[in-house]
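Peer 1: I'd like to ask some things about the structure below.
Just so it is clear, none of the values below were taken in a lab; they were calculated from the coordinates. Quantities reported herein were computed from a predicted structural model and do not represent experimental measurements. All Cβ positions, glycine included, derive from the backbone under ideal geometry; neighbour counts span all protein chains shown.
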């Protein structure tokens with residue numbers, strides 16, 4: 001267990017971007033709150049205030065998670081490649097650390113540690129933003145950002161997002177680790193080319209598109225499965241803000257499709273494929289040293 | 001007691017290229033063994049196999065472990081420095097000490113710190129800011145602070161200047177070596193380590209050419225410097241290599257008949273580097 005703790009710490013030493021990027025992003029958003037326009041929307045009804053607060057708070061968090069997903073992808077491609085390129089893999093392998101522990105720590109860093117760091121940064125930034133805006137703006141704008149049940153619901157939303165996306169994207173993360181452990185150069189290209197080749201080959205030679213559908217579903221199908229996209233009775237609300245009709249979930253509890261996500265065979269087939277790919281990544285790490 | 005390292009029929013192929021061709025050798029505890037060969041002879045392949053960094057064919061036991069399958073357990077008792085400059089460039093010296101102390105059960109932090117205190121290297125410096133010589137000092141301090149039974153060094157002084165090379169080997173002999181430890185060194189600069197070694201293994205084209213203790217060389221081999229008029233007679237004794245030097249010829253013999261050879265000139269034991277050249281060039285002759 002001790003080894004795992006040191007391996008995770010090591011990732012923070014090596015990849016200072018893990019906390020530097022969210023820190024810079026948070027700083028920029030706080031600056032925007034300090035000097036940007038805050039009296040942007042006038043709202044009169046409690047419903048409008050609630051929708052406005054929800055949209056603003058959500059947008060702040062979503063910005064962090066969007067940046068995070070790009071960084072985590074890059075991290076996964078680089079993490080088993082960089083030390084082979086600069087040959088420091090020979091130093092790491094001179095220590096009593098198994099390749100399994102190394103690969104699992106990189107995976108956990110990408111799917112859990114990095115998202116949690118961004119989550120903390122998003123919360124901190126949102127708090128500061130809400131504080132600044134409520135001082136600068138009129139009371140209705142400010143007060144719409146301080147709704148404790150809205151905050152609580154968003155925390156649940158982000159944690160649910162972290163856990164379910166880690167499960168859903170496991171096979172993709174594992175594939176990126178395989179490329180990272182294997183490629184001699186051009187990790188970015190190698191991550192895209194084989195799936196693309198498979199997709200094209202199937203189209204040309206068989207005329208079908210099963211591979212393409214499956215890959216596409218894995219990339220974009222997450223939101224549809226993890227959340228209730230169809231406004232059911234009373235679970236979504238619409239209101240007019242600045243002449244635009246905005247429809248948002250009335251509350252988080254009906255929006256999260258917990259049961260649907262965890263009972264879907266798609267979820268667990270993905271996990272099974274992910275586990276197989278992780279075993280492959282570990283085997284490659286065992287056999288590949290420097291480039 | 002079984003030997004520390006035992007290789008039987010060790011073979012490593014890269015596609016059609018045979019890097020190690022059924023190699024047999026053993027290393028006993030307490031020895032300093034030089035694995036010596038020209039570039040591309042299979043030294044690095046042999047070390048990679050010993051350290052569990054690559055799969056291989058044949059039988060191999062290192063400290064009672066099968067290296068490839070049990071590298072993690074092996075690295076509790078063995079450590080290695082592969083080349084200069086494999087410490088990660090982004091790592092700080094104090095982080096390196098913290099990390100190794102955190103993951104290695106046999107690492108002694110106080111020893112690493114006292115070794116580093118002898119150098120001019122501050123703990124807050126990053127590896128990338130250090131000179132090659134300093135990097136080697138840091139790596140050696142980390143490695144010597146590990147209470148390991150086997151230390152493997154692969155071209156540990158490549159690219160270092162003479163001062164740094166001398167400092168490296170002096171530290172190794174004075175501060176590290178004792179009867180409980182075993183060192184295996186590969187190098188192609190034989191002259192530099194020949195006074196250090198207790199045993200030598202010559203390797204060429206994936207095969208072992210010689211496996212002998214350094215004392216053994218003096219009894220097993222002899223070199224005779226022969227004047228020109230005696231040359232034909234001396235050649236009849238079947239030297240395995242001859243070398244022309246300023247009008248004289250030095251003939252090298254294995255299992256020499258010393259009484260007979262003394263008639264042609266003065267006998268002396270060849271140095272490790274001379275023997276290395278003689279053996280490898282002799283094969284070619």
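Peer 1: Would you check if there is a residue in the range A:78-92 being over 26 Å from residue B:98 (Cβ atoms), assigned to a helix (DSSP H, G or I) and out of contact with any strand residue (DSSP E or B) (no Cβ under 6 Å at 6 or more places or on another chain)?
Peer 2: No, there is no match, as no residue in the range A:78-92 is over 26 Å from residue B:98 (Cβ atoms), assigned to a helix (DSSP H, G or I) and out of contact with any strand residue (DSSP E or B) (no Cβ under 6 Å at 6 or more places or on another chain).
Yes/no per residue for (1) surrounded by 19 or more Cβ atoms within 10 Å (Cβ to Cβ); (2) in contact (Cβ under 8 Å) with a residue 24 or more places away in the chain:
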{"position": "A:31", "(1), (2)": "no, no"}
{"position": "A:53", "(1), (2)": "yes, yes"}
{"position": "A:100", "(1), (2)": "no, yes"}
{"position": "A:104", "(1), (2)": "no, yes"}
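Yes or no, residue by residue, for (1) under 12 Å from the mean Cα position of the chain (by Cα); (2) within 14 Å of another protein chain (Cβ to nearest Cβ):
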{"position": "A:72", "(1), (2)": "yes, no"}
{"position": "A:78", "(1), (2)": "no, yes"}
{"position": "A:89", "(1), (2)": "no, yes"}
{"position": "A:133", "(1), (2)": "no, no"}
{"position": "A:162", "(1), (2)": "yes, no"}
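Peer 1: Here's a follow-up. So which residues in the range A:175-188 are assigned to a helix (DSSP H, G or I) and closer than 20 Å to residue A:86 by Cβ?
Peer 2: Across the range A:175-188, the qualifying residues are A:176, A:177, A:179, A:180, A:181, A:182, A:187, A:188.
Peer 1: Let me ask something else about it. Can you tell me which residues in the range B:189-211 are out of contact with any helix residue (DSSP H, G or I) (no Cβ under 7 Å at 6 or more places or on another chain), surrounded by fewer than 20 Cβ atoms within 10 Å (Cβ to Cβ) and touching a residue at least 60 places away in the same chain (Cβ under 8 Å)?
Peer 2: Across the range B:189-211, the qualifying residues are B:205, B:207, B:211.
Peer 1: Of the conditions (1) touching a residue at least 24 places away in the same chain (Cβ under 8 Å); (2) under 26 Å from residue A:49 (Cα atoms); (3) within 21 Å of the chain's Cα centre (by Cα), residue A:229 clears all except one; give me its number.
Peer 2: Answer for residue A:229: the failing condition is (1).
Peer 1: With respect to residue B:186, is the statement that it is away from chain A (no Cβ under 14 Å) and either in a loop (DSSP other than H, G, I, E, B) or in contact (Cβ under 8 Å) with a residue 40 or more places away in the chain (or both) true?
Peer 2: For residue B:186, the condition - away from chain A (no Cβ under 14 Å) and either in a loop (DSSP other than H, G, I, E, B) or in contact (Cβ under 8 Å) with a residue 40 or more places away in the chain (or both) - is not met.
Peer 1: Then there is this: Have a look at B:223, B:164 and point out the one that is outside any strand (DSSP E or B) and crowded, with 16+ Cβ neighbours inside 10 Å.
Peer 2: The unique qualifying residue is B:164.
Peer 1: Kindly list the number of the only condition in (1) surrounded by fewer than 20 Cβ atoms within 10 Å (Cβ to Cβ); (2) without any contact (Cβ under 8 Å) to a residue 40 or more places away in the chain; (3) within 26 Å of the chain's Cα centre (by Cα) that fails for residue A:83.
Peer 2: Failing condition for residue A:83: (1).
Peer 1: Examine the range A:121-137 for a residue that is in contact with a helix residue (DSSP H, G or I) (Cβ under 8 Å, 6 or more places away or on another chain), within 30 Å of residue B:103 (Cα to Cα) and assigned to a helix (DSSP H, G or I), and state whether such a residue exists.
Peer 2: Yes, that holds for at least one residue.
Peer 1: Considering each of A:122, A:137 in turn, give the residue that is crowded, with 21+ Cβ neighbours inside 10 Å, away from chain B (no Cβ under 14 Å) and out of contact with any strand residue (DSSP E or B) (no Cβ under 6 Å at 6 or more places or on another chain).
Peer 2: Just one listed residue meets the conditions, A:122.
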